[in-house]
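The values are calculated or read from the model by the stated rules, or taken from the named source; none is laboratory data. None of these values were measured; they are calculated from a predicted model. Quick reminder, even Gly has a Cβ in these numbers, built from the backbone with ideal geometry, and neighbours come from all protein chains shown. Heads up: the accessible areas ignore ligands, DNA and RNA and are worked out on the full protein's heavy atoms, side chains in. Shrake-Rupley method; radii C 1.70, N 1.55, O 1.52, S 1.80 Å.
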Amino acid sequence: MSTQAAPPATSPADADNVHETASTYRSRAHAGAHKLTISPYSLAQGIGVGNCVTSGEFTVAGHRWTIQYYPDGVGDNHGYASVLLFLAGAGGGRTDDVHVLAEFGLLHRATCAVKHSRTISLTFRPGTPEHQQQQGQGCPEFVRRGDLAASGCLADDCLVVTCTVRVVETELVDDGEVVSVRVPPPDLHRDLGRVLLRDGVGADVTFLVRGRAFRAHRCVLAARSPVLRAGLYDAPMKESTADVVEIDEMEPEAFAAMLHFIYNDALPETAAADGGACMAQHLLVAADRYALERLSLACQDRLSRRTDAATAADTYALAHQHGFPRLKAAVVEFLARRHGRLEAVTASAGFRRIAEVDPAIADDLVSKVTAVRRRRKVTQEVPASCLRLSKMIGGCCLRCLAMIWAWCVRFFARVWAYTRANLPFILRVVVAVLITVVQLLAEHPEFFRHVKKLKKLLNS
């Protein structure tokens, strides 16, 4: 039989010794601009779809570029004028990708402002078969051909196309190993609990709780509790100057646990059979008395997690008296989750004591648990076939709505595309129809008399 050596144990110091490295991503842009003047523009129009006017070469970031302007469009965009940017030659014979931000526009001849500006991100791959097709990248739908004359950019039969090219170069720099000192997690609460509370270093006040003395620090108590701050530092109160403060409304164990939370910001560990539920009930009352909100939430969390038949009634009554609705809901949920829990609680000594002192609280607990059970029973009695049928019907309705919506989107998209492509023709047809109607009305004025007679017949 072979044996395998166990891996060496890792000490906490070795776990904190993390090897760190760093890198930096840097980017910079090289910019250049070029103007392509087409004059006379009327001769360039009509050269055909896919035919372009090419500018002279210009250099940006060591690369040679040209502008390709298509007066009649390129590809299926025959209703638009297109403008593309072409990488005529990569600087230094580079074959890696070239990333570009290209801004195209038309120069307004009167105001010298750039109109129809379009900025797009392009990536050129020199050396690839796609790049050898001698066609650039850019805006196939740059500007409508019918909008050029109205834009003011086509004056004296001359058009100026502007192009600003920004070549973005990136660099990843390896910064090497990072030398740093690992800071351990904060342990202020451990120092406060060990040095100040346990050892009593610098204590300036003593609490006498039913004969048991507890040494503490005024400043720490005042920082954690507004009630204790008012009692220890307000001049009119006796406790503000006394070195010994007597407290009779708490048990010594509960007061010790409250001090532990004030100094350590955590509930003390407990080995009690009830999981600390009884102590959490006493602390919840103390937290409400001394306005310790965080202690109150911690006690509610412990009680909601460790509720049982012996403590459920007391926890519910405590939550009801001090106004903790979430804790009440947790107790009700615990009792309603399984059958027999409510019966066990009603038979407990805590429930009988509450029923004698305040019957309304006991009745409220029973009624809420019964109501939750009744709602769950109605939900469980719904046949599974009905649930499946409702889900199937809902799914069919959703699919039908999705199909109708997709059909409407495609229909209106086709109508819009047809309208955009044939807008001049549609306008001419509408104008012709309107002119024909006006002519007919002018040639046949008796038409209005027939309309009036028809209205009279309808009204009668």
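Set Lys and Arg Cβ to +1 and Asp and Glu Cβ to -1, take the dipole of segment 195-342 about its Cα centre, and tell me which of SER225, ALA317, PHE207 lies farthest positive.
Value computed over the given set: ALA317.
Across segment 47-128, what fraction of all alpha-carbon pairs, as a whole percent, falls in each successive 10 Å bin from zero upward?
The percentages, shortest bin first, are 16, 40, 35, 8, 0.
To the nearest 20 debye, what is the magnitude of the charge dipole of segment 30-142 about its Cα centre, counting +1 on the Cβ of each Lys and Arg and -1 on the Cβ of each Asp and Glu?
That gives segment 30-142 a dipole magnitude of about 340 debye.
Note the count of lysine pairs whose C-alpha atoms are less than 29 angstrom apart in the chain, limited to pairs 8 or more residues apart or on different chains.
5
Compute the Kirkwood hydrodynamic radius of segment 232-351, taking the inverse of the mean of 1/r over all pairs of distinct Cα atoms, and give it in Å to one decimal.
On the way: mean 1/r = 0.0641 Å⁻¹.
Over segment 232-351, the inverse of the mean reciprocal pair distance is 15.6 Å.
Could you size up the charge dipole of segment 256-357 around its Cα centre, putting +1 on the beta carbon of Lys and Arg and -1 on that of Asp and Glu, and report it in debye to the nearest 20?
240 debye
Considering only protein heavy atoms and a probe of 1.4 Å, how much of the accessible area of the chain is carbon and sulfur, as a whole percent?
58 percent
Peptides 407-416, 267-276: what's the order by average Cβ count within 10 Å, highest mean first?
Those peptides, ordered most packed to least, come out 267-276, 407-416.
Expressed as a whole percent, how much of the Cα-Cα distance distribution for the chain exceeds 28 Å?
Tail of P(r) above 28 Å: 77 percent of Cα pairs.
Ordering PHE425, PHE334 from largest to smallest accessible area (1.4 angstrom probe), what's the sequence? Could you put the intermediate results ahead of the total?
On the way: PHE425 110, PHE334 40 Å².
From most accessible down to least: PHE425, PHE334.
How tilted is helix 423-443 with respect to the longest principal axis of the chain? Cα atoms for both, answer in degrees (0 to 90, nearest 10).
Once rounded, the angle reads 70 degrees.
Would you work out the relative contact order for the chain, in percent, from Cα pairs under 8 angstrom that are 6 or more residues apart?
10 percent
Give me the 1.4 Å probe accessible area per residue for the chain, excluding ligands and nucleic acids, in Å². Could you put the intermediate results ahead of the total?
Numbers: 29180 Å² over 460 residues.
Here the residues of the chain average 63 Å² of exposed surface.
Viscosity 0.692 mPa s, temperature 37 °C: give me the Stokes-Einstein translational D for segment 151-288 in µm²/s, with Rh taken as the Kirkwood radius over C-alpha pairs.
Once the numbers are plugged in, D ends up at 162 µm²/s.
What angle do you read, to the nearest 10 degrees and between 0 and 90, between the alpha-carbon axis of helix 252-264 and the longest principal axis of the chain?
It works out to around 30 degrees.
Within segment 192-264, what percent of beta bridges assigned by DSSP are antiparallel, to the nearest 5?
55 percent
Rank these by accessible area, largest first, 1.4 Å probe: ILE262, ILE393.
Most to least solvent-accessible, the answer reads ILE393, ILE262.
Rank these by accessible area, largest first, 1.4 Å probe: LEU228, LEU398.
LEU398, LEU228
For the chain, give the share of DSSP beta bridges that are antiparallel, in percent and rounded to the nearest 5; count only bridges with both residues there.
On the way: 58 of 62 bridges.
The antiparallel proportion sits near 95 percent.
For a quick check of understanding: with a 1.4 angstrom probe and all protein chains in place, what accessible area in square angstrom does ASP97 have, to the nearest ten?
Here the residue's solvent-accessible area equals roughly 60 Å².
Rank LEU440, LEU292, VAL173 by how far each Cα sits towards the positive end of the charge dipole of the chain (+1 on Lys, Arg Cβ; -1 on Asp, Glu Cβ) and give me just the farthest.
The residue sitting farthest along the positive end of the dipole is LEU440.
Between ARG94 and ASP301, 0.36 nm times their residue separation minus their Cα-Cα distance comes to what?
Difference between extended and current length: 68.0 nm.
Could you tell me which of ALA110, MET250, PRO268 has its Cα farthest along the dipole of the chain towards the positive end, charges placed at Cβ (Lys, Arg +1; Asp, Glu -1), taken about the Cα centre?
ALA110
With +1 on each Lys and Arg Cβ and -1 on each Asp and Glu Cβ, and nothing else charged, work out how big the dipole of the chain is about its Cα centre, in Debye to the nearest 20.
2840 debye
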